[in-house]
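What follows is calculated from the coordinates using simple rules that are stated; it is not laboratory data. It should be emphasised that the depicted structure is a prediction, and the values quoted were computed from it without experimental measurement. Don't worry about glycine lacking a Cβ; one is built from the backbone with ideal geometry, like all the others, and counts go over all protein chains shown.
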Amino acid sequence: MEKIKARPKNEKKLKEPCDYRVILLNDNYTTRDFVVEVLRIVFHKDELEANRLMMDVHRKGKGVVGQYPFDIARTKVDQVHNLARQAEFPLRCIIEEV
Ligand code: TYC
């Protein structure tokens with residue numbers, strides 16, 4: 001049987017790109033239905049999970065709605081803010097390095 005060679009000592013390990021959490025923030029003006037829609041459209045949550053997440057953010061003030069590589073996380077944040085702006089809601093989300 002062929003032996004699997006160990007990585008030579010001087011060979012640098014390639015670092016995995018860092019993931020980022022997307023965190024949704026509660027506010028007193030955005031409707032619950034709108035938040036659920038955003039969670040379905042942008043984060044591909046089903047109805048049940050979207051409702052659960054929305055209520056979790058509503059009760060706790062914020063909550064993680066996904067974890068992605070930086071560019072994807074940033075795009076999701078932009079999508080949320082664009083949808084919120086169009087609908088004239090103050091819904092906000094932020095990213096945080098894992
Ligand atoms: N707190 C809002 C309300 O009662 C609902 C809401 C939930 C808003 C989650 C934002 O990220 C949010 N209408």
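Summary table below
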read-out: Fewest-first ranking of Lys60, Lys45, using other Cβ atoms within 10 Å as the exposure measure; value: Lys60, Lys45
read-out: Summed residue charge, Cβ within 11 Å of Tyr20's Cβ, Lys/Arg positive, Asp/Glu negative; value: -1
read-out: Whole-number Å³ per residue for the convex hull built on Cα positions in region 19-97; value: 71 Å³
read-out: Positive minus negative residues near Ile94 (Lys, Arg vs Asp, Glu; Cβ under 10 Å); value: +2
read-out: Pairwise label distance in nanometres, Asp78 with Asp56, each label 7 Å out on the Cα-Cβ vector; value: 2.7 nm
read-out: Set of region 57-98 residues, backbone N closer than 17 Å to the point 7 Å along the Cα-Cβ line of Glu37; value: 79-92
read-out: Local electrostatic count at Ile41 - Lys and Arg +1, Asp and Glu -1, tallied over other residues with Cβ under 14 Å; value: -3
read-out: Length gained when the stretch Cys18-Glu47 is fully extended (0.36 nm per residue, less Cα-Cα span); value: 7.5 nm
